[in-house]
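The structure appears below as structure tokens.
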Amino acid sequence: MAFVERRIAVVGTGYVGLVTGAVLAKVGHRVTCVDNDPAKVRILEAVKLPIYEPGLEALVEDVRTTGRLAFSGEIAPVVGAAEVVFICVGTPPLPSGKADLSYIEQVARDIARSLGTHYTVVVEKSTVPVHTGMRVKRTIERHAPAGARFDVASNPEFLAEGTAVRDALAPNRIVVGVDSERARVVMEGLYAPFACPLIVTGIESAEIIKHASNSFLALKISYINAVARICELAGADVVQVARGMGLDERIGPHFLRAGIGYGGSCFPKDVDAFGEIASELGYEFTLIREAQRINAEQRTRFIRKIEDALWVVKDKRVALWGLSFKPDTDDLREAPAMDIARWLLDHGAVVRAHDPVAMDKARVLLPKVDYGADPYAVCEGADALVLVTEWKTYIEADLGRVRAAMRHPILLDGRNVFDPAHVVALGFEYHGVGRGAVAGHDGVVRGPGRGR
Ligand code: UDX
């Protein structure tokens, strides 16, 4: 299918909207990103991004200079002129675990009222439950002027935070769900510049592909975390076990890192939502419910490890390395560091934390934490160091210097990034996750001359 340049409206300028807009402009389309928050639009127009995402600011700046990417606070004229409209608004979780679709419904109504007289494809990009496409279609039909010509398509986004630009410029696959030949042709022409496979399915299948993919990855993480438990009990090392498993190409090496469990804005919410969708459809998806349970337990078990290592928590000085839910992002949603810091503060510890980019956001949420200028400063006089997020700067840190700065060299490695033999040789007491093989009978690896 040959490339066809399109006028595109992207509604919603969060992670997904911004990256989608910038990448589609980069490959040659004319894109306007719309947001109903005027302050956000002003910031974007000044080419300042409200989020930290490697490569995104440079990409936005690049496509802005070509004139192919614009921002606007007015949905009606932008949608009215567009041939393809992407819905990229948030679907935050409701207390029930279901996704809150009120923004999607509102935007569908706004789009309906703004449609031009030409044919338009309205694309759901946000992660939504199956059948949302059909509901968006009905909503638009109800509110659009008589004779409006449009189709709805589903085009789920698979980008991960921290690698979003790379993921969107060079995806593994593009999934497009359509229920008309005309929409299929538009979507194929739109994505013609991408070299990866383009999978065209029905709308419901595309919606399920997104849920099933995220939940499968979450299952994989919970599986390895369950194996980590067994490794601790059996005297094995889950890092070695995962390496051995991952070399089987049917299993693959990715998403087999045991640790504090998954967090972030997607997996916790999407796994929950998939479970709810399944129940609503009449199937109890107990497998993913168990994955959720293992994940929650992983976090509480790690906190128990910290407690056990410190014994009395009150007045102990604890250094935290990493606050964001994963490296290369400043996103603190469902970040384990937040729970760990809160628990430590509630139990009377003095918490000093460092993160390369997330400290400004964390200050607002946890003002009682003392934030340090660099990873070494927070270790001064510490009774324990807890590695929560595996930023490269921590993996490459001078642990000899850290050891010298600490009052008691207890190292709790929530992501299994350190070599236990190396850190123990430096004099640390080491606690990983699922590393029974390198621990003593009580699950602890101590440095020379350091008993407890
Ligand atoms: C995820 C999906 O990868 C992406 O395709 C989807 O569009 C959105 O959700 P994201 O949440 O940004 O992306 O990050 P990801 O790298 O997938 O990590 C998710 C969580 O799993 C993080 O908390 C990470 O620390 C954890 N994780 C990941 C593990 O605990 N072990 C692993 O082996 C991999």
Evaluation of LEU169 against (1) within 23 Å of VAL271 (Cα to Cα); (2) within 16 Å of the ligand (Cβ to nearest atom) (one fails), failing number: (1)
Kindly indicate whether LEU115 is in contact (Cβ under 8 Å) with a residue 12 or more places away in the chain and out of contact with any helix residue (DSSP H, G or I) (no Cβ under 6 Å at 6 or more places or on another chain). yes
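Looking at the stretch 49-67, which of its residues are hydroxyl-bearing (Ser, Thr, Tyr) and part of a helix (DSSP H, G or I)?
Answer for the stretch 49-67, where residues must be hydroxyl-bearing (Ser, Thr, Tyr) and part of a helix (DSSP H, G or I): just THR65.
Out of contact with any Cys (no Cβ under 6 Å at 6 or more places or on another chain) and modelled with pLDDT under 95: which single residue out of GLU290, GLU284, GLU280 fits that description?
Exactly one of GLU290, GLU284, GLU280 is out of contact with any Cys (no Cβ under 6 Å at 6 or more places or on another chain) and modelled with pLDDT under 95, namely GLU280.
Hey, could you check the stretch 331-351 for residues that are outside any helix (DSSP H, G or I) and buried (at least 21 other Cβ atoms within 10 Å of the Cβ) and say which is farthest from the chain's Cα centre (by Cα)? Break it down into steps so the answer makes sense when it comes.
Initially, the stretch 331-351 is screened for residues outside any helix (DSSP H, G or I), giving 331-335, 347-351.
Applying the additional criterion that residues be buried (at least 21 other Cβ atoms within 10 Å of the Cβ) yields 331-332, 335, 349, 351.
Working: ASP331: 8, LEU332: 10, ALA335: 10, ALA349: 29, VAL351: 25 Å.
Checked the stretch 331-351; the qualifying residue farthest from the chain's Cα centre (by Cα) is ALA349.
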Looking at VAL175, VAL227, VAL200, which is the one that is β-branched (Val, Ile, Thr) and open to solvent by 30 Å² or more (accessible area, probe 1.4 Å)? VAL200
Which ones in the stretch 257-269 are surrounded by fewer than 24 Cβ atoms within 10 Å (Cβ to Cβ) and more than 6 Å from the ligand (Cβ to nearest atom)? SER265, PRO268, LYS269
Any residue at all in the stretch 387-401 that's open to solvent by 10 Å² or more (accessible area, probe 1.4 Å), within 27 Å of GLY434 (Cα to Cα), small (Gly, Ala, Ser) and in the same structural domain as LYS326 (by TED's automatic domain parsing)? yes
Looking only at the stretch 306-334, which residues are within 16 Å of the ligand (Cβ to nearest atom) and over 15 Å from ASP370 (Cβ atoms)? GLY322, SER324, PHE325, LYS326, PRO327, ASP328, THR329, ASP330, ASP331, LEU332, ARG333, GLU334
When you scan the stretch 285-302, do you find a residue that is outside any helix (DSSP H, G or I), among the basic types (Lys, Arg) and open to solvent by 10 Å² or more (accessible area, probe 1.4 Å), even just one? no
Which condition number does SER324 fail, the rest of (1) within 19 Å of the chain's Cα centre (by Cα); (2) open to solvent by 10 Å² or more (accessible area, probe 1.4 Å); (3) modelled with pLDDT of 95 or more being met? (2)
(1) more than 16 Å from the ligand (Cβ to nearest atom); (2) at pLDDT 95 or above all hold for ALA337 apart from (1)
Counting just the residues of the stretch 129-147 that are open to solvent by 30 Å² or more (accessible area, probe 1.4 Å) and hydrophobic (A, V, I, L, M, F, W, C), which one comes out farthest from the chain's Cα centre (by Cα)? ALA146
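I'd like to know if the stretch 2-25 contains one or more residues that are surrounded by 16 or more Cβ atoms within 10 Å (Cβ to Cβ) and more than 26 Å from the chain's Cα centre (by Cα).
Scanning the stretch 2-25 turns up at least one residue that is surrounded by 16 or more Cβ atoms within 10 Å (Cβ to Cβ) and more than 26 Å from the chain's Cα centre (by Cα).
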Can we say LYS210 is within 12 Å of the ligand (Cβ to nearest atom), open to solvent by less than 30 Å² (accessible area, probe 1.4 Å) and basic (Lys, Arg)? yes
Out of SER180, SER114, SER126, SER205, sole residue that is surrounded by 16 or more Cβ atoms within 10 Å (Cβ to Cβ), of a type in the set (S, T, N, Q) and either within 16 Å of the ligand (Cβ to nearest atom) or farther than 26 Å from ASN36 by Cβ (or both): SER126
Here are some residues: SER205, SER215. Which one is touching a helix residue (DSSP H, G or I) at 6+ places or on another chain (Cβ under 9 Å) and small (Gly, Ala, Ser)? SER215
Out of the residues in the stretch 6-48 meeting the condition of being part of a loop (DSSP other than H, G, I, E, B) and either of a type in the set (Lys, Arg) or not assigned by TED's automatic domain parsing to the domain that holds ASN155 (or both), tell me which one is farthest from VAL186 (Cα to Cα). LYS48
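The values are calculated or read from the model by the stated rules, or taken from the named source; none is laboratory data. Here the structure is a predicted model, which means the values were calculated and not measured. Note that each Cβ is placed from the backbone with ideal geometry, even for glycine, and that neighbours are counted across all protein chains shown. Each accessible area value is taken on the protein alone, full model and side chains, heavy atoms only, with ligands, DNA and RNA left out. Shrake-Rupley method; radii C 1.70, N 1.55, O 1.52, S 1.80 Å.
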